[in-house]
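Report on the structure given below.
Derivation of every value follows stated rules applied to the coordinates shown; laboratory data play no part. No experiment lies behind these values; they were computed from the predicted model shown. Positions of Cβ are generated from backbone atoms using ideal geometry, with glycine treated the same way; all protein chains shown enter the neighbour counts.
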Amino acid sequence: MGNLNDFKLIKNKSMKYFDYLNIDKEFPDTKKAQLGFYLFALECITNVKDIEELKEKVNDTEFTRIVFNMENDDLGIDAVDFDDKNHNINLFNFKFRENFKVQKGQSQNDTLVSMRFVNAIKNSNLDDLNPKTKQFTKDILERLESNEIWNIKLYMVSNDNLALPDNSQAIKDLEDIYDLEVVSYTLDDLSNFISSKPGPNEAILILDNESILSYEEGELSSDKSYLIKINIGELIRITSNSKDVRVQYHAENYDFIASSKLDFSVLFDNVRGYLGKTRFNTNILKTLRQEPSKFFMYNNGITMTAKNIDVSSINAGKKWKVVLNNFQVVNGGQTLRSIHDFKDSQFDEEILNKAHVLLRIFKTGNQEGLTNKIAEYTNSQNAISPSDLKSLDNIQMQIEQILKESNILYVRKVGDLGEEEINYEHRISMEKFGQLLYSKKGYPDRASNQKQRIFDSYYDEIFVRDFDLDESIKLVHDYFNFIDVYKSTKYQAFEQKIFYMIYLSEKDNNINKEIIDPMDNIVIIESALLRYREGESISESRKLIQKGFKDELDRVFAEMNGSLSSSH
């Protein structure tokens, strides 16, 4: 269950997201937090880190009027997201509360409000809908009417403390009637997404001889890593946000950890992040409640890295004292969060002692990048997106650092708002930056529909070979400049068009064009859109992702630059 500090933290985070909307109008802090809350919650749940993409997902009436200067009846659905990989249609109902109340919970009536939107889909009645809501419903119907199987999820998201009741017959009836799943996200869930940058930490363990095994790379190596069997009470203690609790290894019972909270900074190097309410998390809680002694066998355990591990024999060789310095949980974050959730919802000291978990601890010392490699490789067999796996790669951290020096926030993780003392000019996600690089290298047509492969099979080609870090700053500035220029014209500024602007800008550089006017390239893109498959009923967004369009664009570019050079 969340507390007042969690409530304040979510509000402050939401207000930071409002700043990225770049609205030239004053609003009260509560209204800023409400509008920013949509972006913050969407980023957490969808794992989309780009502000422009998040904005386009929002359907809320007030948000659309303020941000897009457009009138729109949202029909009770505040945002829509399409998870095409997993065939999920995600609908969102947001509620942002101005004040914290411990026993305040989500209302079942809010789910009924959202049924106006769902009814429009079921009845295929789109005639009277506003443009934005109509486009969302069209996109949904296109998927539902295909031969693929799609699932609809209705996310009830609020900063309330209590979720919708699990045993609600009204909710179950609603799910059956409309063939959808209702999922609640509350204050505690949203707080779980937030992990702050880690500072120095220390924890102490006392272990029996049979509970620890050591491993070293070679006979001459002084660095050892360890396999440890500990009970979950000890795991909760050493990952507490209280320094005193982390080193209090000699307590006779666990009463002192009952009110402690998870130190989210120990999860900063965990590539997976928080997945929300999953079947995996539910099974962890079920095992702890029903079969705690079998938890060790059913669970894969926790993987940690530590800059230093000091192990010494104590009590006449009957015990081992283990001191961990600067440690991170790089695999098993879901297990760790679920164990802390169990402690908060059902504090049972007998279970905390009876349930054990395998803890792998790797000593990394000062070996640059070793923590990142361990995080990537120990997670690679799990269902984690390629971009999340690469988020700890050394080149990504170098990009983050060089952009920070120019007040550009490079977002590698969900919910990252950078450092408080820096007034960032721009915020760009790692995924978006990868798309820009791929466009610059000559593949603007693939930058959208092959987005995941940028951090998979294309990764070394894009980020490693011939990549000049110094170009990063100009690339980001060009991206935001091109957006502003395109929006100043009569044309629609699709994301794919900006990728083509990046592509054409590089072509301009390759022919040593002295004066590069973005408007020239906009004319080239729009001319190519008119010429490509002229007379056919194909939307601009569909044309832009086809290789044939890129070929047409190259022809228009050659014609226009030929005429320009001859006129000089």
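Charges only on Cβ, +1 for Lys and Arg, -1 for Asp and Glu: so what's the dipole of the range 4-192 about the Cα centre, in debye to the nearest 20?
Rounded to the nearest 20 debye, it is 620 debye.
Roughly how big is the chain's charge dipole about its Cα centre, with Cβ charges of +1 (Lys, Arg) and -1 (Asp, Glu), in debye to the nearest 20?
Using Cβ point charges on Lys, Arg, Asp and Glu, the chain gives about 940 debye.
In which sequence would W320, W150 go, from the one with the fewest C-beta neighbours within 10 Å to the one with the most? Write out the running numbers ahead of the final one.
Values: W320 20, W150 16.
Going from sparsest to densest Cβ surroundings: W150, W320.
Would you kindly state how much longer the chain becomes between R116 and E350 on full extension, computed as 0.36 nm times their sequence separation minus their alpha carbon distance, in nm to one decimal? Each step should come with its number before you reach the end.
On the way: separation 234, 0.36 × 234 = 84.24 nm, distance 4.88 nm.
Gain in length upon complete extension: 79.4 nm.
Beyond 41 Å, what share of the Cα-Cα pairs of the chain is found? Please give it as a whole percent.
On the way: 49512 of 161028 pairs.
Result for the distance tail: 31 percent.
Quick one: what are the phi-derived ³J(HN,Hα) couplings along the range 489-506, Karplus 6.51/-1.76/1.60 with θ = phi - 60°, whole Hz, x for glycine and proline?
Residue by residue, the range 489-506 yields 9, 7, 8, 6, 9, 5, 4, 4, 5, 5, 4, 5, 4, 4, 4, 5, 4, 5 Hz.
Could you check the simple spin-label distance between N283 and M397, using points 7 Å along Cα→Cβ, in nm with one decimal?
My value for the distance between the label points is 3.3 nm.
Restricting to the chain, what percent of DSSP beta bridges are antiparallel, rounded to 5?
Within the chain, antiparallel bridges account for around 60 percent of the total.
Go through the range 258-268 residue by residue and turn each phi into a ³J(HN,Hα) via Karplus (6.51, -1.76, 1.60, θ = phi - 60°); whole Hz please, and just put x for glycine and proline.
Rounded to whole hertz, the list is 4, 9, 6, 10, 5, 7, 5, 5, 6, 9, 4.
Please list the non-local residues whose amide H lies under 5 Å from the amide H of A79, H modeled 1.01 Å from N, same-chain partners needing a gap of 5 or more.
Hits under the 5 Å cutoff: N59, F92.
Multiply the residue gap between E26 and E52 by 0.36 nm, knock off their C-alpha separation, and tell me the result in nm, one decimal place.
Stretched fully, the E26-E52 segment lengthens by 7.3 nm.
Simple spin-label model, 7 Å along Cα-to-Cβ: Q290 to Q452 in nm?
Calculated label separation equals 3.2 nm.
Among Q450, Q398, I284, pick out the residue whose Cα is farthest towards the positive end of the charge dipole of the chain, where Lys and Arg carry +1 and Asp and Glu carry -1 on C-beta, about the Cα centre.
Comparing the listed Cα positions along the dipole, I284 ranks first.
Report, to the nearest 10°, how far helix 131-144 tilts away from the longest principal axis of the Cα atoms in the chain, using its own Cα long axis and a range of 0 to 90°.
It is inclined by approximately 70 degrees.
Around A203, which amide H atoms from residues at least 5 apart in sequence, or from another chain, sit under 5 Å from its own amide H, with H modelled in the peptide plane?
Those lying under 5 Å, H to H, from A203 are L324.
Of K57/K404; K307/K404; K8/K122; K8/K354, which pairs sit farther than 31 Å apart, going by alpha carbon to alpha carbon?
K8/K122; K8/K354
Binning every alpha carbon pair distance of the range 52-123 at 5 Å from zero, what are the percents per bin?
Reading the bins upward from 0: 3, 13, 20, 22, 19, 14, 5, 2.
Fewest to most neighbouring Cβ within 10 Å: what's the order for R246, R555? Display every interim value, and only then the final one.
Values: R246 22, R555 13.
So the ranking, lowest neighbour count to highest, is R555, R246.
Would the range 4-192 count as rounded, prolate or oblate if I go by the C-alpha gyration tensor, calling it rounded below 1.5 in a/c and otherwise prolate when a/b exceeds b/c, oblate otherwise?
Oblate is the answer for the range 4-192, as a/c is 1.5 or above yet b/c matches or exceeds a/b.
Which order results if V182, V330 are arranged by neighbouring Cβ count within 10 Å, fewest first?
Values: V182 20, V330 30.
Starting with the residue having the fewest Cβ neighbours, the order is V182, V330.
So which aspartates and glutamates can K321 reach, going by Cα to Cα under 14 Å and dropping same-chain residues fewer than 8 places off?
Partners within reach: E202, D208, E210, E234, D310.
By the gyration tensor of its Cα atoms, with a ≥ b ≥ c the square roots of the eigenvalues, what is the shape of the range 129-235: rounded for a/c under 1.5, prolate for a/b over b/c, or oblate? Could the numbers behind the result be given before it?
Working: a/c = 2.86, a/b = 2.37, b/c = 1.21.
Taking the square roots of the gyration eigenvalues as a ≥ b ≥ c, the range 129-235 is prolate.
Give the relative contact order (percent, whole number) for the range 387-567; include only Cα pairs under 8 Å separated by 6+ residues. Walk me through the numbers before you get to the answer.
Working: 170 pairs, mean separation 34.7, N = 181.
Here the relative contact order equals 19 percent.
Cα-Cα pairs above 18 Å in the range 277-333: how many percent?
56 percent
Can you show me the helix-derived [θ] at 222 nm for the chain, built from DSSP H runs with n ≥ 4 at -39,500 (n - 2.57) apiece and divided by the number of residues, rounded to the nearest 500. Could the numbers behind the result be given before it?
Details: 25 runs with 254 residues, N = 568.
That comes out to -13000 deg cm²/dmol.
Could you work out the relative contact order of the chain, using alpha carbon pairs under 8 angstrom and six or more residues apart, expressed as a whole percent?
Rounded, it is 11 percent for the chain.
Between S537 and D520, what is the spin-label point distance in nm, taking each point 7 Å from the Cα along the Cα→C-beta axis?
3.9 nm
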